[in-house]
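Notes to accompany the following structure.
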């Protein structure tokens with residue numbers, strides 16, 4: 001297994017470690033519920049250095065990005081970020097990603113850890129534009145400082161006014177005495193905060209500085225398990241669960257990142273789905289009867305006919321109820337539609353609800 005520059009730190013803190021996307025990663029420290037509620041109510045820190053980062057440079061960098069991504073990156077200005085996806089040739093998704101614009105000729109792409117090699121090869125296979133591509137994934141560390149008090153903690157470490165950085169924008173500057181830190185107003189928790197990019201050699205100093213600054217707020221290290229429960233409460237898609245090589249962004253409710261004002265890989269297919277309708281839709285649901293939905297559990301109607309499948313599910317620590325995402329036939333996608341989750345051969349009642357859950 002690969003390690004991040006902080007793996008030894010996580011082990012020393014007593015983290016429960018496990019393999020994730022080929023990396024030895026902290027799953028939890030003090031318990032999922034405790035970490036979840038700490039992030040939702042105050043501030044926690046995730047080491048997500050396993051994520052991938054590519055640099056694209058050149059006069060035609062935007063042309064390449066426009067071809068391989070579904071969103072319209074021409075709308076980006078310097079210092080702005082865009083959520084997007086990489087459509088494949090079969091009508092599905094290679095990965096979802098963030099596109100950072102540094103300048104008209106330089107962009108950063110942030111991709112999922114499990115798809116680094118796949119994404120690199122996919123983008124490179126479409127690079128007929130002479131764009132310089134650089135994979136800096138192994139050299140860069142990423143800390144996600146998340147929660148309503150995250151900005152207060154980080155502001156004590158930098159002269160950059162974090163309040164001037166809008167959502168889905170970034171700035172670079174000195175933080176905790178470290179130069180050229182990328183401060184990104186993004187996150188995967190829906191609790192607010194920043195993602196901090198530093199070189200591997202600087203990440204331990206950054207980690208220590210953040211935890212010292214966060215003491216008044218009860219700051220905690222947080223693992224990937226509560227990252228999953230936090231994102232699910234906000235109904236953020238997780239690659240390999242709610243979106244994958246077989247799902248269209250239109251089916252997944254990601255029409256807002258699928259722009260037909262430009263050409264991109266398999267655009268006509270997704271346009272047709274948008275125009276003529278889909279055969280399945282991603283919905284949020286909450287359990288009415290007792291039971292926890294899990295990925296791949298069948299979704300059924302009252303007569304026991306299969307109408308879809310669960311893609312994500314958990315017991316929500318914030319709401320104290322079981323929630324899930326799943327694909328269903330369109331006629332079962334309306335809010336308050338009654339559906340059933342097959343759990344251990346039993347049909348357990350649930351209902352479709354408006355997302356986000358929280």
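Taken together, the values in this text are just the output of simple stated rules run on the coordinates, not laboratory data. Treat the numbers as computed from the prediction; the structure is a model and nothing was measured. With ideal geometry, Cβ positions are generated from the backbone for all residues, glycine too; neighbour counts draw on all protein chains shown.
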One finds the C-alpha centres of the stretch 49-99 and the stretch 136-188 to be spaced, in Å, by 21
Burial ordering of 231, 294, fewest other beta-carbon atoms within 10 Å first:
294, 231
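Calculate, for residue 204 and residue 33, the FRET efficiency according to 1/(1 + (r/R0)^6) with r their C-beta to C-beta distance and R0 35 Å; round to the nearest 0.05.
Details: r = 28 Å, r/R0 = 0.81.
Approximately 0.80, to the nearest 0.05.
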With a 10 Å cut-off between alpha carbons and a GNM built on the chain, which of 22, 92, 255 moves the most?
22
With R₀ set to 56 angstrom, the calculated FRET efficiency between the beta-carbons of residue 263 and residue 345, to the nearest 0.05, is 0.70
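Shape verdict for the chain, please, from the Cα gyration tensor: rounded (a/c under 1.5), prolate (a/b greater than b/c) or oblate. Each step should come with its number before you reach the end.
Working: a/c = 1.94, a/b = 1.18, b/c = 1.65.
Taking the square roots of the gyration eigenvalues as a ≥ b ≥ c, the chain is oblate.
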Rounded to whole Å, give me the distance from the Cα center of the stretch 209-281 to that of the stretch 302-354.
19
At 222 nm, what helix-only mean residue ellipticity would the chain give, in deg cm²/dmol to the nearest 500, using -39500 (n - 2.57) for each DSSP H run of four or more?
-6000 deg cm²/dmol
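Using only alpha carbon pairs under 8 Å that are at least six residues apart, calculate the relative contact order of the stretch 79-167 and give it in whole percent.
Working: 69 pairs, mean separation 13.3, N = 89.
The value is 15 percent.
Computed FRET efficiency, Cβ-Cβ of residue 302 and residue 90, R0 41 Å: what is it to the nearest 0.05? Provide the component values of the computation, followed by the final result.
Details: r = 34 Å, r/R0 = 0.82.
It comes out at approximately 0.75.
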Rounded to the nearest 5, the percent of antiparallel DSSP beta bridges in the chain equals 95
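Which length gain, in nm to one decimal place, applies between residue 272 and residue 180 when the Cα-Cα distance is subtracted from 0.36 nm times their residue separation? Don't jump to the answer; show the numbers that get you there.
Numbers: separation 92, 0.36 × 92 = 33.12 nm, distance 4.44 nm.
Extending this stretch completely gives an extra 28.7 nm.
Normalising by the residue count of the chain, find the relative contact order in percent from Cα pairs under 8 Å and 6+ residues apart.
Working: 833 pairs, mean separation 62.8, N = 358.
Once divided by the residue count of the chain, the mean separation gives 18 percent.
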Tell me whether the stretch 52-135 comes out rounded, prolate or oblate; compute the Cα gyration tensor, take square roots of the eigenvalues as a ≥ b ≥ c, and use a/c under 1.5 as the rounded threshold.
rounded
